[in-house]
Structures are given as C-alpha cells and as structure tokens.
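Below: one structure, written as structure tokens.
The values are calculated or read from the model by the stated rules, or taken from the named source; none is laboratory data. Just so you know, these numbers come straight off a predicted model, no measurement behind them. Glycine also receives a Cβ, built like all others from the backbone with ideal geometry; neighbour counts cover every protein chain displayed. Heads up: the accessible areas ignore ligands, DNA and RNA and are worked out on the full protein's heavy atoms, side chains in. Shrake-Rupley method; radii C 1.70, N 1.55, O 1.52, S 1.80 Å.
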Amino acid sequence: MDLQELVIIKEGKALLKVPNPEKYRRSDGVYEPSWAPVFYNPKQVLNRDLSILALNVLATLSDFSELRVLDALAGSGVRALRYYLEVPNVSLAIANDIATEAFTVIKENIKLNNAESVVKACKLDANAFMYLWKSMGRTFEFIDIDPFGSPAPFVRSSLWCVRRNGAVGYTATDTAPLSGVKWVAGSRKYDVRLIKTDIPHEIGLRVLLGHICRRAAEIDRFIEPLITFAKHHYFRTIIRVGKGASKASETMDKCLGYLTYCRKCYYREVVPINDIPRSSLCPSCGGRLVVIGPLWICNMFHKDFIDHMLSLIKSSEYKYLPTWHDSRELLELLIEESQVNGLAYNVSSPARIRKVNMPPTNAVIKCLRSRGLKASRTHISGQLIRTNASWADFVECVANGCRSQ
Ligand SMILES: C[S@@+](CC[C@H](N)C(=O)[O-])C[C@H]1O[C@@H](n2cnc3c(N)ncnc32)[C@H](O)[C@@H]1O
C-alpha cells in the first residue's frame, strides 16, 4: 500500500490517515469501505461516538483507577485513538489488527496524534492476542469487538480477557442471519433456532445477547447489558461482565428464554428457559407454534447508564461529537425503551390479520397504558411498540386504535 495515497481526515478529536474514499466508490457513487486496503467506515461514526460516551460513563461509575482498552479488530485504529483522546484516565489503548496494511496505517495514525505514550499498535489474530494477554495475568477494563460480519468468533476470548466489572462492546454487521432473515446461517453461527418473524431487529438483538450470555456462563461469568441498539446495517451492544458461578446460573435462568411464535396469526409468547412449552399448538388460531431461541428476555438497556450518557451528551463538552444530534435523539428513545421490560411488537401484524388500517402507534401506546401496562416507542422502527402486554392485549389495543381513528 502506498502511504502517499492516504488522505487525512478528522473524526472526533482524532486525526486519521485513511484510504482516499474517492478511489473506492461503486458505479452508483456509494463508498465501499471493504474494497479499501484498510477499513474505515464513516457510516459507523455514531457507533464510535456512543462508545466514547459509554466509556466515559464506565470511567465515572466504576472504581477503576485507570482504563486499559483493547481495540481488538482496529482497522485504521480510530477507536483506540479516540478512546485515548476523548476519555480521561485511559492509560493504555492497544489497536490490534491482523492485516499488515492496517498495522502500517495504525502506526502512522499513532504518530499523527502524538499518542505513542499510550496507544500501541499490534498485529496478531484477535483471539490469539486476548488469550495470550490473559495468560500473562493481564486484562482490560474495556474491549471493543468490531469485526466484519459476526462477532461470535471473538465472544468467548473477550469475555475471558475483560476485567471483573469491565465492559465489552460488540458490533455485528451480519444482521440478516442474526435477525432470522437468513435463518439457516443465523441458527448455525449463534447456536439458536431461528425463523423469519415480523420483528427481525428485535430478535437479532436478543439472539446476540443470548449468545453472549451463554458463552459467559460457560466460564462462570454473567452479563448486564448497558446499551443495545440497531442502526443502519449493524447491531451494537455494550455489556458489563461480572464473575461468579451462581450469579451466572441465576442470569441464565432469569434472562434466557424462548419465543413461541405462530406464523399464521402472529401470536407469540415469551417463555423462560426452564419452562419449555409443552404444546406446539397456537392458543389463538390452533396453528403450529414455532420455538425461537434461546434469546435474551431481560431488559436490553440499563436506564441509569443511558441516563448518564444522555446527561454527558447534553453538556457543552460533548457538542463536538460528529453525530451529536443523532446520538442524542437515539439516547432519548433508548431511555424510553429502558423503562419497559418487554418485547417489541409490530403494529402492522394484528392490523393485517384483522384486515384493518394500521392505527397510529401513539393510539396503541395510549390504549396499552390505559390498561395499566407499560408501553413505549422503539428506536428500531416507528411501527414497533415495546410493551409488557400479552399478545392478546396488544391485538385488542391495535383494534381499539383503529376504531378511535
Ligand atoms: C470492520 S473492520 C474494523 C473497523 C474499525 N474497528 C473501525 O471502527 O473503523 C475489521 C478489521 O478486522 C481485521 N481482522 C479480521 N480478522 C481479524 C482477526 N482474526 N484478528 C484481528 N484482526 C482481524 C480486518 O483486517 C479489519 O481491519
């Protein structure tokens, strides 16, 4: 790779040498980052901005005296550099990438930002690096796993190499397998039973968290999701990792379960893991129920943690974030969702079955709340409602919402 061909850009507080995007545009003008010799995707800035905020909150809420951070699949090294430049107390940030070109660019970017004292470049397989680090008795307070496609190959090693009460961020760009659209690949990669449903993103996020929870339990660790979201072509979750065999079992019992789902009338029910359903017939239409899972069935959002993120972004100090407006909007929606421990339902499904126009989401939310149930909008889609209602209550409220139009 010719270093002269790199261009200098700024993201957050970091200066970065990256491949010239003009050279990797498709005929329709869209930039294709995976064609470039070193990966840098401007569409992931929001993901990185929110990770900066999350690490700042982790630093504030935990009793860590310093933060050691691993950017395990670093590309240009943008994450490691931004963590160093934008989060206080980062004493070590390792930017690791297996590709020689990426390693070269990471070293250039470390120099460009005068970050040599804290940010270190490394060229190893991410799993090899994490197991080696842990075998030397060392851990990180935060690990960022941001691969092409599935994070599954790096889940166990990252859970192993993170410090007790530290956090790991996972990005998944294989949204079609995870969400059941490509259910054969999803079932294989995440060790679950999957089908296509009317809530693909909701299922995808819960499959990902369920998978991480089970990998954690294997090594006597348990997880606590801090923030989880779907955006553009990717899913992102940041989880805190605790240690302890009994807490790991408890988390599995409480937070893993299945979704029984009827493809004919869309009936569904969340069933805890130890309560595997006996009947495979839909109580609503008599059709056959399909079992999806195991899935994470607890809350995917930590309200206090996201509240802290939101108050940071509202302060003038963080106005510089490139996606300040969109990040703030997303956090505000996530706060609403964090207050409802329940599944997201799709308003269009009962409307389709009942052959009625789709009612406004707000009317359905109002109806659910008038029944003493919890309900909120979702960040995923304006057509979804997160609620602790049963499917029957939801269907009735969709019908009521139609009548009140
Ligand atoms: C999606 S890119 C990373 C993007 C970067 N985190 C960012 O925010 O711009 C994934 C990177 O992982 C690297 N990679 C792929 N397999 C790897 C492995 N087994 N170990 C370490 N790096 C790997 C690739 O070379 C690529 O640079």
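In Å and whole numbers, how far do the C-alpha atoms of segment 341-405 stretch along each principal axis, longest first?
Principal axes ranked by extent give 29, 24, 18 Å for the Cα atoms.
Taking only the alpha-carbon positions of segment 75-184 and ignoring solvent, what does the Debye formula give for the base-10 log of I(q)/I(0) at q = 0.11, 0.15, 0.18, 0.24 Å⁻¹?
These q points yield log10 I(q)/I(0) values of -0.38, -0.68, -0.94, -1.40.
Which aspartates and glutamates does Lys243 reach when only Cα atoms under 17 Å apart count, and residues fewer than 8 places away in its own chain are ignored?
Asp63, Glu141, Glu218, Asp220, Glu224, Asp253
Given a 1.4 angstrom probe, I'd like the percentage of the accessible area of the chain that is carbon and sulfur, rounded to a whole number. If you can, show how the numbers build up before the last one.
Values: 8540 of 17000 Å².
About 50 percent, which is the carbon plus sulfur part of the accessible surface.
With every protein chain present, what is the per residue accessible area of the chain (1.4 Å probe, Å²)?
On the way: 17000 Å² over 405 residues.
Heavy-atom SASA per residue in the chain reads 42 Å².
Where does segment 106-256 land on the Kirkwood hydrodynamic radius, alpha-carbon pairs, in angstrom? Spell out each step's value before the answer.
Values: mean 1/r = 0.0614 Å⁻¹.
Result for segment 106-256, one decimal place: 16.3 Å.
Assigning unit charges at the beta carbon (Lys, Arg +1; Asp, Glu -1) and nothing else, what dipole magnitude in debye, to the nearest 20, does segment 3-259 show about its Cα centre?
Details: 35 positive and 27 negative charges, 61 e Å.
Roughly 300 debye for segment 3-259.
Quick one: net charge around Asp144, please, counting Lys, Arg +1 and Asp, Glu -1 for every other residue with C-beta under 11 Å from its C-beta.
Residues close to Asp144 contribute a combined charge of +2.
Could you point to the residue in Gly180, Thr251, Ser91 farthest towards the positive end of the chain's charge dipole, with +1 and -1 charges on the Cβ of Lys/Arg and Asp/Glu respectively?
Value: Gly180.
Relative contact order of the chain: what whole-number percent is it, with Cα pairs under 8 angstrom and at least 6 residues apart? It would help to have the intermediate numbers written out before the result.
Details: 821 pairs, mean separation 43.8, N = 405.
Relative contact order, the chain: 11 percent.
How far apart, in nm, are the 7 Å Cα→Cβ label points at Glu5 and Gln339?
Each label point is offset 7 Å from its Cα along the Cβ direction, giving 5.3 nm.
If you build a Gaussian network model of the chain, linking Cα atoms that sit under 10 Å apart, which residue out of Ile98, Ile335, Ile203 swings the most?
Comparing Ile98, Ile335, Ile203 in a Gaussian network model of the chain, the most mobile one is Ile98.
What translational diffusion coefficient, to the nearest whole µm²/s, does segment 3-259 have by Stokes-Einstein, given a Kirkwood radius computed over alpha-carbon pairs, a temperature of 4 °C and 1.567 mPa s viscosity?
On the way: Rh = 18.7 Å.
It diffuses with D of about 69 µm²/s by this estimate.
Can you pull the three principal axis extents for the Cα set of segment 242-288, in Å, largest first?
Here the spans come out as 44, 17, 10 Å, largest first.
Let me spell out the model: positive unit charges on the Cβ of Lys and Arg, negative unit charges on the Cβ of Asp and Glu, origin at the Cα centre of segment 341-405. What dipole size does that give, in debye rounded to 20? Write down the numbers at each step before the final one.
Details: 10 positive and 2 negative charges, 17 e Å.
Rounded to the nearest 20 debye, it is 80 debye.
Binned at 10 Å from 0, what are the whole-percent values of the Cα-Cα distance distribution for segment 1-127, short to long?
Histogramming segment 1-127 at 10 Å steps yields 13, 44, 32, 9, 2, 0 percent.
Suppose the Debye formula is applied to equal point scatterers at every Cα of segment 172-253; what is log10 I(q)/I(0) at q = 0.12, 0.13, 0.24, 0.25 Å⁻¹?
Log10 of I(q)/I(0), two decimals: -0.35, -0.41, -1.07, -1.11.
Cβ under 13 Å from Val18's Cβ, Val18 left aside: what net charge do those residues give with Lys, Arg +1 and Asp, Glu -1?
Working: positive: Lys10, Lys17, Lys23; negative: Glu5, Glu11, Glu22, Glu101, Glu108.
Every neighbour counted, the sum reads -2.
Could you state the number of Å between the C-alpha centres of segment 56-103 and segment 278-319?
Spelled out, the Cα-based centre of one part sits 28 Å from the other.
Run the numbers for Lys366 and Lys43: contour at 0.36 nm per residue of separation, minus the present Cα-Cα distance, in nm. The partial results should precede the final answer.
Working: separation 323, 0.36 × 323 = 116.28 nm, distance 3.51 nm.
Stretched fully, the Lys366-Lys43 segment lengthens by 112.8 nm.
Taking a virtual spin label 7 Å from the Cα of Tyr24 along the C-beta vector, which residues in segment 84-121 bring their backbone nitrogen under 12 Å of it?
Residues 101-102 qualify, since their backbone N sits under 12 Å from the label point.
List the pairs from Lys17/Lys134; Lys13/Lys231; Lys13/Lys43; Lys254/Lys314; Lys10/Lys107 whose alpha-carbon separation is above 28 Å, in the order I gave them.
Values: Lys17/Lys134 31 Å; Lys13/Lys231 23 Å; Lys13/Lys43 17 Å; Lys254/Lys314 35 Å; Lys10/Lys107 17 Å.
Over 28 Å Cα-Cα: Lys17/Lys134; Lys254/Lys314.
Could I have the simple spin-label model distance between Ile276 and Ala128, label points 7 Å from Cα toward Cβ, reported in nm to one decimal?
4.0
Under a straight-distance cross-link criterion of Cα-Cα below 18 Å, which lysines are reachable from Lys355, leaving out those fewer than 8 residues away in the same chain?
The reachable lysines, counting only those whose Cα sits under 18 Å from Lys355, are Lys264.
Hey, what angle do you get for helix 100-112 against the long axis of the chain, alpha-carbon based, 0 to 90 degrees rounded to 10?
So the helix axis and the longest Cα principal axis differ by about 70 degrees.
Taking a cut-off of 19 Å between Cα atoms, list the lysines near Lys247, but don't count ones fewer than 8 places away on the same chain.
none
Two decimals is fine: what is log10 I(q)/I(0) at q = 0.15, 0.18, 0.20 Å⁻¹ for segment 212-362, from a Debye sum with one equal scatterer on every Cα and no solvent?
With no solvent term, the Cα-only Debye profile gives -0.98, -1.17, -1.25.
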